[in-house]
Amino acid sequence: MKTTLYFKTLANTFLTVLLVTFTLTAQEDFSEYSGKVVDGKTNKALEAVSLNVNETNVSTITNSEGEFVLKVSKEYLDSKVIISFLGYNTKVVTLSELSDSNNTIELYRSVTELSEVNISAFKNAESLVRTVFGNKNKNHQDESVYMTAFYRETIKRRNRNVSLTEAVVNILKYPNKSPVADAISLNKARKSTDYKRLDTVSVKLQGGPFSTIYLDIMKYPEYIFTEATIDSYNFSFDKPSNINNRNVYVVNFSPKNNALNYSYNGKLFIDVESLALVSADYSLDLSNKSRSKNLLVKKKPSNVIVYPLEANYKVNYKERGGKWYYSYSNLFLEFKVNKKREIFNKVYSLSSEMAVTDWEINSTEQRIKNKDKLRPTVIITDAISGFSDPDFWGKYNLIEPDKSIESAIEKIKKNIEKQKQKEESTANGNP
């Protein structure tokens, strides 16, 4: 019962399906560097590569096409950038080596060998996982932290963009041992939705930025493993890997049986030295179609049935000063919407990701005022402002848009311009 309650309140999987009508609704103090990160051998673009300005908490991450934009305050222009990715050797470059644009950074796969002593230190993989979660207060964030993060949410029908939301948010993250939930405030945001492509159904992610912050399973372990559910999983060691020149254990996990209403398959990446969780990559088990029907939906019309096709989740942590901090998470949901008396089902996908671009220990006891706090049930209001302004984000680091998103933005700009021309024509008395 408790597991079911947790899942039903988990914002990162909640969709709202609604019937809708067809209404379309200074001087820079930083330097900007852009480019692409690729596999040095295959030239394949590398997604979710971390670029961090050394000895600072300023960072960004590559998009699905390996592209990045890094904005660095002028006080750090003599610094180095650390480029790290799971399974690859870490690369360090000075900012002076980078040009303003068209940089290509090559990473090469690492070879990791752990001795039998390392592996045999644990009776089995399950005992290692129990140790990781048992030590979470020791290894992971144990103080209040104030973070700046970039959030993006994209909804597609088949392969066509129908909604795009981007936001810079402030996050007040409390210690993992604290019972106080993290707080989020909206700094700057923009959104546009093409309801014509949604037909008569509007699909929205309930929770917005909370949908990704709840993937921090060191702060919210109840959403995947609890003392009551961990016995229901099989754990096994996979081939070890490497990140940021540190060896990591790789542990596979999968449900033993169908005892749990909701279960996951995935991998945990665990730092060999500290036994801290470095990354988790997992997916919801949707093999039982009758059980998963309407599983990801909190609100929908009575004549609509939603079948989830995929539900994938990822979270990454970064080490600083001997502690590991939440740095990035994403989710991808694909689902089929079946509406009564319609011959063809419609397939939608929703992706949501958040990257921490700067943070500081909250030594001054900053607070987010109640009136500024986002609710975990929030759906960011539709607004088209900002997409016509190329300097909308200013100094803030963000995840570089994928080509498909850039195309969507161009179309949004054209719609804005057409709407302006129509309004000007009407104001001048022209039909």
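The values are calculated or read from the model by the stated rules, or taken from the named source; none is laboratory data. Here the structure is a predicted model, which is why all the values come from computation and not from measurement. For neighbour counting, all protein chains shown are included, and Cβ atoms are generated from backbone atoms with ideal geometry for every residue, glycine included. Accessible surface is based on the protein model in full, side chains and every heavy atom, while ligands, DNA and RNA are left aside. Shrake-Rupley method; radii C 1.70, N 1.55, O 1.52, S 1.80 Å.
Annotations
- Whole-Hz Karplus values for the range 167-176 come out as 7, 9, 10, 9, 10, 9, 9, 8, x, 4 Hz, taken residue by residue from phi with 6.51 cos²θ - 1.76 cosθ + 1.60 and θ = phi - 60°; glycine and proline positions read x.
- Remark: for residue pairs Lys219/Lys289; Lys41/Lys91; Lys299/Lys336, the C-alpha separation exceeds 20 Å in Lys219/Lys289.
- Sequentially through the range 347-362, phi angles give Karplus couplings (6.51, -1.76, 1.60; θ = phi - 60°) of 10, 10, 10, 9, 10, 9, 8, 9, 10, 6, 9, 6, 7, 8, 5, 7 Hz, Gly and Pro residues having no value and appearing as x.
- Remark on Asp238: its backbone amide H falls under 5 Å from those of Val250, Val251, Asn252, a criterion applied only to residues 5 or more positions apart or on other chains, H modelled at 1.01 Å from N.
- Amide H to amide H distances under 5 Å link Tyr264 with Asp285, where only residues 5 or more positions off or on other chains count and H is placed in the peptide plane.
- Solvent exposure ordering (accessible area, 1.4 Å, most first) of Asp100, Asp39: Asp100, Asp39
- Neighbourhood net charge (15 Å Cβ-Cβ; Lys/Arg +1, Asp/Glu -1) for Val168: -2
- Taking other residues whose beta carbon is less than 13 angstrom from the beta carbon of Ser232, and scoring Lys, Arg as +1 and Asp, Glu as -1, yields -3.
- Phi angles of the range 324-336 translate, via the Karplus equation with coefficients 6.51, -1.76, 1.60 and θ = phi - 60°, into HN-Hα couplings of 10, 10, 4, 10, 6, 7, 8, 9, 9, 10, 10, 8, 10 Hz per residue; Gly and Pro are given as x.
- Charge context of Asp271, other residues only, Cβ under 12 angstrom, K/R +1, D/E -1: +1
- Protection proxy ranking of 129-142, 355-368, by the mean of other Cβ atoms within 10 Å over each peptide's residues and highest first, is 129-142, 355-368.
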